[in-house]
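The values are calculated or read from the model by the stated rules, or taken from the named source; none is laboratory data. Since the structure is predicted, the reported quantities are computational estimates derived from the model, not experimental observations. For neighbour counting, all protein chains shown are included, and Cβ atoms are generated from backbone atoms with ideal geometry for every residue, glycine included.
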Amino acid sequence: MNSTTVKQTLKTFGTASALALGLAMPAAADGHGGKVKIGLITTLTGGGAGLGVDIRDGFLLAIKQAGNEGIEVVVEDDQRKPDIAVQLADKMIQSEKVDIMTGIVWSNLALAVAPAATAQGKFYISPNAGPAQLAGKGCHASYFNVAWQNDAQHEAAGAHANKLGFKNAYILAPNYPAGKDALTGFKRMYEGALAGEQYTKLGQTDYAAEIAQIRASGADGIFFFLPGGMGISFLKQYADSGIDLPVVGPAFSFDQTILGAVGDAAMGIHNTAQWSPDLDNAANKAFVETFKAEYGRIPSLYASQAFDSANLIVSAAAKADVADTDAFRAALLEADFASTRGDFKFGNNQHPIQDFYVREVIKDGDVYTNKILELALEDRQDVYAADCKL
């Protein structure tokens with residue numbers, strides 16, 4: 001890592017986080033002799049920055065705890081702009097000589113970066129975005145997703161909407177790849193009719209028109225996927241509207257990163273996820289406590305996924321040299337690490353096969369968070385895996 005990168009890292013992330021980047025290593029990792037250099041590109045400023053901050057913090061916490069001085073991480077901010085993400089990826093691959101790339105929050109950015117990285121012989125380990133295109137026919141031996149395929153949480157929400165008695169749901173999501181996957185996933189499991197289906201602008205903050213349409217639609221329930229600041233804006237405006245329809249959504253719309261800003265407007269709402277702070281296993285309990293101690297806040301879904309992604313890489317690096325692509329891929333596939341989700345396994349398309357839960361927004365003292373209510377889907381594998389030829 002050059003001095004410019006070190007200075008920027010110290011300025012942006014603080015001394016404690018900078019130490020977790022492996023700055024004690026004077027020689028950059030080059031993919032040989034057990035050294036691993038990771039390029040982490042995520043959203044640290046602008047809309048959705050809270051998601052990227054939690055990915056960065058969860059990832060760096062795992063690297064710090066591993067104590068492996070042979071792993072170096074270079075962090076950059078994509079500003080939620082595809083062109084910036086591509087430029088940063090090119091720099092990391094060509095100038096920084098990274099072996100592995102990770103970190104992207106948004107599916108449109110992942111679709112711009114991940115295929116280019118794998119085409120150049122680099123591994124891409126996704127801690128979040130799971131677009132359908134990379135799970136099915138577009139799967140790749142060097143692409144792994146540690147989080148989920150985009151449809152999955154929404155499939156669980158569709159199944160739960162049936163249980164809640166939705167017969168005429170109004171559904172909405174942002175108009176970008178993950179938003180399209182969201183509504184596709186919900187409709188795959190939902191058995192009722194639709195009062196309305198709408199794609200909103202990515203980054204939108206005013207939902208007056210959408211709420212008016214919901215009011216006039218005759219809907220008996222609402223499903224929405226609006227992550228980050230979009231979810232904050234919608235929930236506040238919906239609460240102020242006086243509409244009293246039951247709401248269900250994925251964890252992204254009710255995550256730890258936004259609940260504090262939403263407040264009572266989110267109380268009692270059911271949402272679906274593969275993880276929760278109260279998930280009862282030893283690895284998760286330790287993660288939640290150490291994350292709180294390190295950063296002074298409850299970890300989010302995004303932080304847990306990044307923590308698992310880093311520990312997957314650490315586990316593979318202990319078994320194989322990243323320069324030996326086949327051996328390192330085999331080590332990644334073993335997933336020999338203690339996941340915050342408990343049992344963890346990859347399917348044939350190198351996406352997780354995992355359980356999904358229904359959570360409820362609660363207030364624990366002065367802090368809004370989620371608790372698990374029940375299992376929604378068990379050992380769920382995404383439907384696109386059937387099209388993957390790995």
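For Tyr176, the criteria (1) more than 14 Å from Glu155 (Cα to Cα); (2) modelled with pLDDT of 95 or more hold in every case but one, which is (2).
Looking for something assigned to a helix (DSSP H, G or I), of a type outside the set (Val, Ile, Thr) and without any contact (Cβ under 8 Å) to a residue 60 or more places away in the chain - is there at least one such residue anywhere in segment 309-316? Looking through segment 309-316, at least one residue is assigned to a helix (DSSP H, G or I), of a type outside the set (Val, Ile, Thr) and without any contact (Cβ under 8 Å) to a residue 60 or more places away in the chain.
Of all the listed residues (Ala376, Ala310), the sole one being touching a strand residue (DSSP E or B) at 6+ places or on another chain (Cβ under 6 Å), among the small types (Gly, Ala, Ser) and surrounded by 24 or more Cβ atoms within 10 Å (Cβ to Cβ) is Ala376. Out of the residues in segment 131-149 meeting the condition of being aliphatic (A, V, I, L, M) and closer than 17 Å to Ala331 by Cβ, tell me which one is surrounded by the most Cβ atoms within 10 Å (Cβ to Cβ). Out of the qualifying residues, it is Val146. For segment 91-114, a residue qualifies if it is polar (S, T, N, Q), assigned to a helix (DSSP H, G or I) and either touching a Leu at 6+ places or on another chain (Cβ under 7 Å) or touching a residue at least 40 places away in the same chain (Cβ under 8 Å) (or both), and the qualifying residues are Ser107, Asn108.
Residues that are within 17 Å of the chain's Cα centre (by Cα) and assigned to a loop (DSSP other than H, G, I, E, B) are absent from segment 324-337.
Only one of the listed residues (Thr118, Thr102) is more than 30 Å from Ile243 (Cα to Cα) and surrounded by 24 or more Cβ atoms within 10 Å (Cβ to Cβ). That residue is Thr102. Only a single criterion out of (1) over 20 Å from Asn271 (Cβ atoms); (2) surrounded by fewer than 18 Cβ atoms within 10 Å (Cβ to Cβ); (3) over 21 Å from the mean Cα position of the chain (by Cα); (4) in contact (Cβ under 8 Å) with a residue 24 or more places away in the chain is not satisfied by Ala209, namely (4). Within the bounds of segment 375-382, is there any residue that is part of a loop (DSSP other than H, G, I, E, B) and more than 20 Å from Lys285 (Cβ to Cβ)? Yes - at least one qualifying residue is present in segment 375-382.
If you check Lys363, Lys371, Lys345, Lys319 for being over 21 Å from Ala129 (Cβ atoms), within 20 Å of the chain's Cα centre (by Cα) and not hydrophobic (A, V, I, L, M, F, W, C), only one passes: Lys371. Checking segment 329-340 against the condition returns a match, with at least one residue being in contact with a strand residue (DSSP E or B) (Cβ under 7 Å, 6 or more places away or on another chain), farther than 24 Å from Gly52 by Cα, among the hydrophobic types (A, V, I, L, M, F, W, C) and modelled with pLDDT of 95 or more.
Selection over segment 183-226 of residues that are within 27 Å of Gln149 (Cβ to Cβ), of a type in the set (A, V, I, L, M), at pLDDT 95 or above and out of contact with any Gly (no Cβ under 7 Å at 6 or more places or on another chain) gives a count of 4. Among the conditions (1) over 30 Å from Ala318 (Cβ atoms); (2) among the small types (Gly, Ala, Ser); (3) surrounded by fewer than 20 Cβ atoms within 10 Å (Cβ to Cβ), Ser107 misses just one, which is (3). Considering only residues in segment 337-373 that are closer than 20 Å to Tyr124 by Cβ and either free of Cβ contacts under 8 Å to residues at least 24 places away in the same chain or of a type in the set (Phe, Trp, Tyr) (or both), the one that is surrounded by the most Cβ atoms within 10 Å (Cβ to Cβ) turns out to be Phe337. Please work out which one of (1) surrounded by 15 or more Cβ atoms within 10 Å (Cβ to Cβ); (2) modelled with pLDDT of 95 or more is the condition Ala266 fails and give its number. Among (1) surrounded by 15 or more Cβ atoms within 10 Å (Cβ to Cβ); (2) modelled with pLDDT of 95 or more, Ala266 violates only (2). Restricting the first member to segment 70-90 and to residues that are on the phi > 0 side of the Ramachandran plot, and the second to residues that are outside any helix (DSSP H, G or I), the beta-carbon pairs closer than 7 Å and six or more apart or on different chains are Gln79/Thr43; Gln79/Thr45; Gln79/Gly46; Arg80/Thr43; Arg80/Gly46; Arg80/Gly47; Arg80/Gly48; Arg80/Trp106. If you check Tyr170 against the conditions, is it among the aromatic types (Phe, Trp, Tyr) and either modelled with pLDDT of 95 or more or in contact with a strand residue (DSSP E or B) (Cβ under 6 Å, 6 or more places away or on another chain) (or both)? It is true that Tyr170 is among the aromatic types (Phe, Trp, Tyr) and either modelled with pLDDT of 95 or more or in contact with a strand residue (DSSP E or B) (Cβ under 6 Å, 6 or more places away or on another chain) (or both).
A single entry from Ala156, Ala173 fulfils the requirement of being touching a residue at least 60 places away in the same chain (Cβ under 8 Å), in the same structural domain as Met189 (by TED's automatic domain parsing), in contact with a Lys or Arg (Cβ under 9 Å, 6 or more places away or on another chain) and crowded, with 24+ Cβ neighbours inside 10 Å: Ala156. Scanning segment 315-336 for residues that are surrounded by fewer than 19 Cβ atoms within 10 Å (Cβ to Cβ) and either under 16 Å from Ala62 (Cα atoms) or among the β-branched types (Val, Ile, Thr) (or both) gives Ser315, Ala318, Thr325, Asp336.
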